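One structure below.
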Amino acid sequence: QVQPVESGGGLVQVGGSLRLSCAASGRTFSSYAMGWFRQAPGKEREFVASINWSGSSTRYGDSVKGRFTISRDNAENTAFLQMNGLKPEDTAVYYCAAKAGYSIYYHRREYDFWGQGTQVTVSS
C-alpha cells in the first residue's frame with residue numbers, strides 16, 4: 001500500500017501559480033493511479049485531476065482544464081499538480097489520493113488511500 005503526503009499549498013494572489021507535490025511511501029508507487037481532489041468549505045469533495053500509473057494518460061475536471069497539469073515521477077514516488085491562472089474559486093483543501101490499478105480513475109469512491117490535504121487560498 002501507499003500513504004500519500006501532500007505539500008506545497010499556501011496563499012497566492014489571483015492569477016498566480018502553485019505546484020503541489022504528493023509524496024507516496026511504499027515500493028509499488030508505479031502500480032497506482034494518482035488523483036487530486038479538492039474540497040471547499042460547505043461543498044462536496046470535487047475531482048480535479050488524475051493520472052495513470054505510467055503518466056501516459058491524464059484527465060481533468062472541467063473547472064481546471066487548461067490551467068492545471070498533473071504529472072508524476074515514479075522514480076521519486078511523487079505526483080505533482082501544477083496550478084496556473086489561479087482564481088478565488090480554486091480556494092480549497094487539496095487532497096492527493098492513490099488507487100491500485102493500471103487504468104485512470106476520476107471518482108473519489110474509487111480511490112483507496114488519501115493524504116491529509118493541503119490548503120490552497122487564492123486572494124483577490
Tell me which residues, restricted to the stretch 1-16, are open to solvent by less than 30 Å² (accessible area, probe 1.4 Å) and either farther than 15 Å from Phe37 by Cα or without any contact (Cβ under 8 Å) to a residue 24 or more places away in the chain (or both). Val2, Gly10, Val12, Gly16
Within the stretch 66-102, residues under 19 Å from Arg27 (Cα atoms) and among the small types (Gly, Ala, Ser) come out as Ser71, Ala75, Ala79, Ala97, Ala98, Ala100, Gly101
Answer yes or no as to whether Asn84 is open to solvent by 60 Å² or more (accessible area, probe 1.4 Å) and either closer than 16 Å to Ser17 by Cβ or modelled with pLDDT of 95 or more (or both). yes
Is it the case that the stretch 64-77 has a residue that's without any contact (Cβ under 8 Å) to a residue 60 or more places away in the chain, over 21 Å from Ser124 (Cβ atoms), out of contact with any strand residue (DSSP E or B) (no Cβ under 8 Å at 6 or more places or on another chain) and surrounded by 14 or more Cβ atoms within 10 Å (Cβ to Cβ)? yes
Which listed residue, of Ala33, Ala23, Ala40, is open to solvent by less than 10 Å² (accessible area, probe 1.4 Å) and at pLDDT 95 or above: Ala33
Report, by residue number, each residue of the stretch 99-124 that is under 17 Å from Val14 (Cβ atoms) and outside any loop (DSSP other than H, G, I, E, B). Gln119, Val120, Thr121, Val122, Ser123
Exclusive hit being among the aliphatic types (A, V, I, L, M) and at pLDDT 95 or above, set Val2, Val12: Val12
Across the stretch 70-98, what is the total count of residues that are more than 26 Å from Pro41 (Cβ to Cβ) and assigned to a strand (DSSP E or B)? 4
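The values are calculated or read from the model by the stated rules, or taken from the named source; none is laboratory data. Computed from a predicted model, the values in this text were never measured in an experiment. Ideal geometry is used to build each Cβ from the backbone, glycine not excepted, and the neighbour counts take in all protein chains shown. For accessibility, only protein heavy atoms count, side chains too; no ligands or nucleic acids. Shrake-Rupley method; radii C 1.70, N 1.55, O 1.52, S 1.80 Å.
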